[in-house]
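Okay, structure first, notes after.
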Amino acid sequence: MMQTRPAPSTAPVRPPLPAPGLAALHAQALYRPVPPVDCDDDGYPCGDSKTVESTKHDRTAGYLGTVMRERYRDQVDVCVASDLGVFFERGNRAALLAPDFMIAIDVDGRGDRPSFKVWDEGRVPDLALELLSVHTWRRDLRVKPGLYRDLGVREYWTVELLDRFSPPIIGRRLRGGKYVDIPSEASGGLHSEVLDLELCMVDDEFRFREVDTGEIIPDYTELTDMRRAESDARQSAEARVAALEEELGRLKG
């Protein structure tokens, strides 16, 4: 079952903001908005006509956003976002990333924001995750890790939806200014220190697993089915009890 969980208490001290010049150094990793593009009052892009993705991509993105927003819905210092523009150089509107999913701890998570500007937030996201697609997989796997590393993003994840690569989930964790691969657990999942969850594949679908219980966090449809099954079982049990009571009353009569 989905449950609200406080943000990890071991969040590190705020790292220094990214050094200038990273956008030029990692130009191939930047997100390029798809016209037509909407901009905020300062001229920074805040919406575009992103390329349509597959149904599996859409389903997985929906799972990520729904589960994580529910998990942290009572935490005012956690920002959970999907496809939110991350600007990391003040004045450079091209210094932009738009991860499929991100989470930032120790920021104001209340209300809406058109983008995530690191100079205003005071930090970079703690975790970024990209869903590989036919349009982006090369950049997500080969180009973007260097920029996320140099920005200081604690964890960078890629989830493969194309049935082309193995393993389907790759996690990288920042250690000493470098990314190191996150190893698989005995359960087959990979543990995220930021989320304190395991990331895994279940029946070819991306899922989160609770570390302490091993429980898979279901999507909305699975949760609805579980509740319906519980309701049916309860009604069946109540019907049996009612039938037994009726039979007992008949025998006594």
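The values are calculated or read from the model by the stated rules, or taken from the named source; none is laboratory data. Small disclaimer: the values here were computed from a predicted structure and weren't measured. Cβ placement follows ideal geometry from the backbone for every residue including glycine, while neighbour counts extend to all protein chains displayed. With ligands, DNA and RNA removed, areas are computed over all heavy atoms of the protein, side chains included. Shrake-Rupley method; radii C 1.70, N 1.55, O 1.52, S 1.80 Å.
Tell me, what is the FRET efficiency for Ala27 and Thr55 to the nearest 0.05, using R0 = 25 angstrom and their Cβ-Cβ distance as r?
0.20
Taking a cut-off of 27 Å, what percent of all Cα-Cα pairs in the stretch 41-180 are separated by more than that?
18
Please compute the per residue accessible area over the chain with all protein chains in place, 1.4 Å probe, rounded to a whole number of Å².
That works out to 53 Å² per residue.
Would you give the gap between the C-alpha center of the stretch 137-166 and the C-alpha center of the stretch 47-64, rounded to a whole Å?
17
So which residue, out of Arg71, Arg175, Arg149, gets the largest mean-square fluctuation from a GNM of the chain using Cα contacts under 10 Å as springs?
Of Arg71, Arg175, Arg149, the most mobile in the Gaussian network model is Arg175.
If I take R0 = 22 Å and measure r between the Cβ atoms of Asp112 and His135 in this structure, what FRET efficiency does the formula 1/(1 + (r/R0)^6) give, to the nearest 0.05?
In this case the efficiency is close to 0.20.
Lys/Arg Cβ at +1, Asp/Glu Cβ at -1, dipole of the chain taken about the Cα centre: which of Ala186, Ile217, Pro35 is farthest positive-ward?
Among Ala186, Ile217, Pro35, the one farthest towards the positive end of the dipole of the chain is Pro35.
Can you give the net charge of the other residues whose Cβ lies under 11 Å from the Cβ of His135, counting K and R as +1 and D and E as -1?
+1
Rounded to a whole number, what % of the accessible area of the chain do carbon and sulfur atoms account for, probe 1.4 Å?
Roughly 52 percent of what the probe reaches on the chain is carbon or sulfur.
Looking at the chain as a GNM with Cα springs under 10 Å, which of Ala19, Ala237, Ala98 has the largest mean-square fluctuation?
Result for the chain, Cα springs under 10 Å: Ala237 fluctuates most.
What number comes out for the charge environment of Arg113, summing +1 per Lys or Arg and -1 per Asp or Glu over other residues with Cβ under 11 Å away?
-3
Mind checking which of Thr51, Thr60, Thr136 has the largest fluctuation in a GNM of the chain, springs on alpha carbons under 10 Å?
Fluctuation is largest for Thr51.
Computed from these coordinates, which is mean projected area of the Cα convex hull in nm²: [x] 18.1; [y] 13.3; [z] 14.1?
[x]
By per-residue mean of other Cβ atoms within 10 Å, what is the highest-first order of 108-120, 152-164?
Highest to lowest by the protection proxy: 152-164, 108-120.
Report ³J(HN,Hα) in whole Hz for each residue of the stretch 146-161, in order, from the Karplus equation J = 6.51 cos²θ - 1.76 cosθ + 1.60 where θ = phi - 60°; Gly and Pro get x.
Each residue's phi maps through the Karplus curve to give x, 6, 4, 4, 5, 6, x, 5, 4, 9, 10, 10, 10, 10, 8, 10 Hz.
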